[in-house]
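I have placed the structure first, in the form of C-alpha cells, so that the comments after it can refer back to it.
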Amino acid sequence: MATITQSTKFGSAFWTVLAWVIALIFFFPIFWMIFTSFKTDADAVKPEFLFKFTPTLENYLNMTENYDYWRFAINSVITSTFATLLALVVGIPAAYAMAFDPSRHTKDILMWMLSTKMLPAAAVLYPMTFLTKNFLGVFDTHFLIIIVLCLINLPIVIWMLFTYFKEIPKEIIEAGKMDGVTTWGEIKDILIPLAWGGVASTALLTFIFCWNEAYWTVRLTTTEAATLSKLIEGNRAPEGLFFGRLSAVSTAAVGPIIVLGWFCQKQLVRGLTFGAVK
Amino acid sequence: MSKRSLPRLLQTPAVIMLLLWMLVPLSMTLYFSFIRYVLNSTRRPEWTTPALSNWRGFGNYEYVLFNAKDFWFAVQNSLFIVGSILVLTVVLGLALAMLVNRSFPGRGIVRVLLISPFFVMPAVNAVLWINMILDPVLGLNGIAVDGLNNIIAGLKDFPVIGSFFAMWPDIVPMSFRATQTSAYAVIIMVTWQWTPFAVLIFMTSLQSEDESQKEAAILDGANAWSRFRNLTVPHLGRPIAIVVMIQSIFHLSLYAEIEIVSRGNGNKNLPYLIGEFSSNNIGAASAAGIFAVIVANIVALFLLRMVGKNMMD
C-alpha cells in the first residue's frame with residue numbers, strides 16, 4: 001500500500017492543477033466579458049490594451065442611454081417573477097395531490113405533463129403568433145409572456161415539487177387529516193413549512209429558466225414586454241464598435257443569474273433530469 | 001365532497017392549462033399543414049386566410065420533402081449540430097466529472113467556476129462568443145493568430161532556424177460567420193454552455209457509486225483501468241443516456257444561437273427553417289413543424305420510458 005500512496009502524491013497534485021486549469025478555461029469567456037466591460041469601446045478592440053488599460057465605469061453609467069437597459073431589465077424581472085409565482089400557485093396543489101393522494105392515473109398524468117415540455121416550440125410558432133396577435137390581442141404584453149413562461153416551466157415545477165413532497169412521510173399529512181385540518185390548511189401549515197427548501201429551490205430554478213428563455217420572449221414581443229434576451233438579440237452584430245458597452249450590458253443581464261445559479265446547482269440535476277438520475 | 005374528488009380537483013388547473021397549451025396551437029399547426037395558406041400571395045388572395053376550401057391534402061408535406069430547397073439541408077445540419085454537441089459534451093463531461101469528483105484544495109470554487117456557463121442566457125452566450133472571442137479580426141481569435149504571426153515573423157530573423165520559419169506562410173484566422181463554419185461556432189458555444197450540465201449529472205451519479213464495491217475490487221488487485229471499465233462505466237450508462245436524450249430535446253430546437261451567429265445563413269436547422277417559412281408560407285411551415293414534432297417525440301418516448309421506470313421509487 002505504501003507504494004500506492006507515494007506514487008499518487010505527485011499524481012494527485014497534477015490532477016488538482018489540471019482541474020483548476022480547466023475550470024479557469026471554462027470560466028474565461030465570462031471573465032473576459034466582465035473584464036471588457038470596464039474598457040472604453042475604443043480600447044476594447046485594440047490589441048495593445050488587451051490587458052493594460054485604464055478601467056472605466058462609463059459603460060455601466062451609460063447603460064440606460066445606450067441600450068435603455070432598465071426598461072428591458074424591469075420587463076425581465078416582472079415576467080420571470082410572476083411566471084414563477086403563477087407556476088407555484090398552480091403547481092403546489094397539483095404536486096400535493098399527486099404525492100399524497102395518488103390515483104391509478106397519477107403516473108400517466110405526470111408523464112404526459114413532461115411530454116408537453118418536449119414539444120418543439122418552432123412547430124407552433126405561427127399558431128401562437130396568429131392567436132395572440134389576431135385573435136386574443138395579447139401580443140407583446142406582460143400578461144402573455146407571464147402565461148407562456150409559466151406554461152413552459154409548469155411541467156418541471158410540478159415534477160420537482162412532486163419529488164420533494166414525496167420525501168415527506170405520509171403519516172404527517174395523515175395526522176393533519178385526523179385533526180380535521182382543511183386541505184388548504186394542510187398545504188399552508190404542514191406541507192410548505194416542511195418542504196420549504198424544496199419549494200424555494202424550485203422557485204429559484206424556475207426563475208432562472210424564465211430569465212434565460214430566448215424563443216418565445218423574442219418571437220412574441222416587440223417593445224412593450226421585450227425582455228433582456230430580446231435586447232441582446234437585437235444587438236447581435238455590433239461589428240466591434242461597441243464591445244465595451246455590449247460587455248457591460250451583457251454582464252448586467254447575466255451576472256445576477258449566475259450568482260443565483262451557484263446556489264441551486266444541486267437542484268439543477270433534479271429539475272432537468274426529472275428524477276431519472278439520483 | 002367525496003374523498004377521491006378533491007385531489008383530482010387540485011390538479012385540474014394544471015392539467016387544463018397544459019392541455020390547452022398543448023392542444024390548441026398544435027391542432028392549428030396540423031390543420032394549416034393540410035391547407036394552402038400563403039400570407040403574401042397576391043396571385044391567389046383566397047390563400048391568404050385559412051379556410052377548408054383551400055384544402056391541399058399532403059401537398060405541403062410533399063412540397064417540404066421534395067421541393068423546398070433547404071429542408072434536407074436543415075435536417076442534416078440539425079443532426080450534425082446536435083450530434084457534435086452530444087459527443088463533445090459527453091466526452092468532456094465524463095472527463096471533467098472524474099477530475100472534479102475527488103477532494104482537493106479549492107474544489108468548491110472549481111465547481112462554481114465550471115457550472116457558471118450553464119446559467120448564461122443563450123443570447124448573451126452567442127453574442128459574446130461570435131463577436132468577442134471568435135471574430136477573426138477583433139475577437140481573441142484574430143488577436144491570438146496575429147500574435148502568432150508576429151512571433152513567427154520575429155523568428156525569421158534568426159540564423160539557421162530563420163530559414164526554416166521563412167517557409168511558413170502567414171496563418172489566416174478562421175472566420176466563423178462564413179457559410180461553412182457558422183455551424184462550428186454554434187457547436188462551440190453550446191458545448192461550452194452544456195458541458196457543465198453533463199458534468200453535474202455525471203458527478204451526481206459518480207457519488208452514488210458503491211464505494212464498498214470499489215474497495216473490494218482494489219483488495220482483489222484490480223487496477224484503476226479495470227475498475228473504471230468494469231464498475232464505473234456500467235454505472236454511468238444510464239446517466240449518459242439521460243444526458244444524451246435531454247440535450248437532444250433542447251438542441252433540436254436551438255434558435256437564438258443560429259440567429260445570432262449568421263441569421264441562418266448557410267447554417268439553418270429545422271426550427272430556423274420553420275421560422276423562415278412562417279413569414280410567408282404557413283402551410284409549409286406547419287408541415288415542417290409536424291416533422292419536428294415527430295422527431296422530438298421519438299427521442300421523448302425513450303426518455304419518458306426511462307423516467308417512468310425510476311419514478312415511483
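The values are calculated or read from the model by the stated rules, or taken from the named source; none is laboratory data. What you see is a predicted model; the values in this text were computed from it and never measured. Because the Cβ atoms are built from the backbone with ideal geometry, glycine has one as well, and the counts that use them run over all protein chains shown. Remember, those area values only see protein heavy atoms, side chains included, never the ligands or the DNA or RNA. Shrake-Rupley method; radii C 1.70, N 1.55, O 1.52, S 1.80 Å.
Could you tell me the relative contact order of chain B? Use alpha-carbon pairs under 8 Å, at least six residues apart, and round to a whole percent. Walk me through the numbers on the way to the answer.
Values: 325 pairs, mean separation 87.5, N = 313.
Relative contact order comes out at 28 percent.
Between B:Asn149 and B:Thr179, what is the FRET efficiency for a Förster distance of 30 Å, r being their Cβ-Cβ separation, to the nearest 0.05?
FRET efficiency, B:Asn149 to B:Thr179: 0.75.
Between helix A:69-100 and chain A, what is the angle of the helix's C-alpha long axis to the longest principal axis, kept within 0 to 90° and rounded to the nearest 10?
Approximately 30 degrees, to the nearest ten.
Based on the Cα atoms of the protein assembly as shown, what semi-axes does the equivalent ellipsoid have, where each is the square root of 5 times one gyration tensor eigenvalue, given in whole Å with the largest first? Please report the intermediate quantities before stating the final value.
Numbers: eigenvalues 324, 252, 120 Å².
The answer is 40, 36, 24 Å, longest axis first.
Any chance you could give the angle, 0 to 90 degrees and rounded to 10, that helix A:142-166 forms with the longest Cα principal axis of chain A?
60
For chain A, which span is the longest to avoid every loop-located (per DSSP) member of GluC sites (Glu not before Pro) having at most 14 other Cβ atoms inside 10 Å?
Values: sites that count: A:Glu167, A:Glu224, A:Glu239.
Result for the longest clean stretch: A:1-166.
How many square angstrom of accessible surface are buried between B and A, both sides summed, with a 1.4 Å probe and rounding to 100? It would help to have the intermediate numbers written out before the result.
Working: alone 19010 and 16580 Å², together 26770 Å².
Chains B and A together bury roughly 8800 Å² of accessible area.
Need the list of lysines near A:Lys166 for cross-linking: C-alpha distance under 25 angstrom, and skip anything on the same chain fewer than eight residues off.
Within the straight-line cut-off, A:Lys166 pairs with A:Lys107, A:Lys117, A:Lys177, A:Lys188, A:Lys266, A:Lys278, B:Lys3, B:Lys309.
Using every Cα-Cα pair within chain A, state what percent have a distance larger than 32 Å. Before the final figure, lay out the partial values.
Numbers: 16749 of 38503 pairs.
The proportion of pairs with Cα distances above 32 Å equals 44 percent.
B:Lys69: which lysines have alpha carbons under 28 Å from its alpha carbon, excluding same-chain residues fewer than 8 sequence positions away?
Qualifying lysines at Cα under 28 Å: B:Lys268.
If you average the sequence gap of Cα pairs under 8 Å that are 6 or more apart and divide by the length of chain A, what percent do you get for the contact order?
32
What nm value, rounded to one decimal, do you get for the distance between B:Asn67 and B:Phe104 when each label is placed 7 Å out toward the C-beta?
6.0
Taking A:Lys52 as the anchor, which lysines have their alpha carbon closer than 25 Å to its alpha carbon, excluding any fewer than eight residues away along the same chain?
Correct list for A:Lys52: A:Lys39.
A drop of at least 40 square angstrom in accessible area, chain alone versus all protein chains together, probe 1.4 Å. Which residues of segment B:192-224 meet that?
B:Trp192, B:Leu200, B:Ile201, B:Thr204
Return the FRET efficiency for the residue pair A:Ser12, B:Leu39: r is the Cβ-Cβ distance, R0 is 56 Å, and the value is rounded to the nearest 0.05.
The computed FRET efficiency comes out at 0.30.
Please list the helices of chain B that count as membrane-span-like by this rule: a mean Kyte-Doolittle hydropathy of at least -1.0 together with Cα atoms stretching 20 Å or more along the helix axis, each helix being a complete DSSP H run.
On the way: long enough: B:5-32 (39 Å, 1.41); B:71-100 (42 Å, 2.18); B:140-155 (22 Å, 1.09); B:182-207 (38 Å, 1.27); B:233-251 (26 Å, 1.16); B:282-311 (40 Å, 1.69).
What comes out of the filter, once short or polar helices are dropped, is B:5-32, B:71-100, B:140-155, B:182-207, B:233-251, B:282-311.
So if I place +1 on the C-beta of Lys and Arg and -1 on the C-beta of Asp and Glu, and nothing else carries charge, what would the dipole magnitude of the protein assembly as shown be about its Cα centre? I want it in debye, nearest 20.
On the way: 41 positive and 35 negative charges, 222 e Å.
I would put it at about 1060 debye.
Specify the inter-centroid distance of segment B:232-300 and segment B:134-164, based on alpha-carbon positions, in whole Å.
Value for the Cα centre distance between the two parts: 40 Å.
Work out from phi, with θ = phi - 60° and the Karplus expression 6.51 cos²θ - 1.76 cosθ + 1.60, the ³J(HN,Hα) of each residue of segment A:267-275, listed in order in whole Hz, and give x for Gly and Pro.
6, 4, 4, 4, x, 9, 9, 6, x
On full extension of the chain, what length is gained from B:Trp168 through B:Ala217, given 0.36 nm per residue of separation minus the C-alpha to C-alpha distance? Could the numbers behind the result be given before it?
Numbers: separation 49, 0.36 × 49 = 17.64 nm, distance 5.32 nm.
Once the chain is fully extended between B:Trp168 and B:Ala217, it gains 12.3 nm.
Using alpha-carbon pairs under 8 Å, 6+ residues apart, how would you state the relative contact order of segment A:121-278 in percent?
Working: 98 pairs, mean separation 50.3, N = 158.
After rounding, I find 32 percent.
Counting only protein heavy atoms and a 1.4 Å probe, tell me what percentage of the protein assembly as shown's accessible area is made up of carbon and sulfur.
On the way: 18160 of 26770 Å².
Ligands and nucleic acids excluded, carbon and sulfur give 68 percent.
Compute, for segment A:69-273, the length of the dipole vector about the Cα centre, with Cβ point charges of +1 (Lys, Arg) and -1 (Asp, Glu) only. Units Debye, rounded to 20. Please list the in-between numbers first.
Working: 15 positive and 13 negative charges, 87 e Å.
Here the size comes out at about 420 debye.
What residues have an amide H closer than 5 Å to that of B:Ile35, excluding those fewer than 5 places away on the same chain, when H is modeled at 1.01 Å from N in the peptide plane?
B:Arg56
Keeping every protein chain present and rolling a 1.4 Å probe, give me the accessible area per residue for the protein assembly as shown in Å².
Working: 26770 Å² over 591 residues.
I get 45 Å² per residue for this part.
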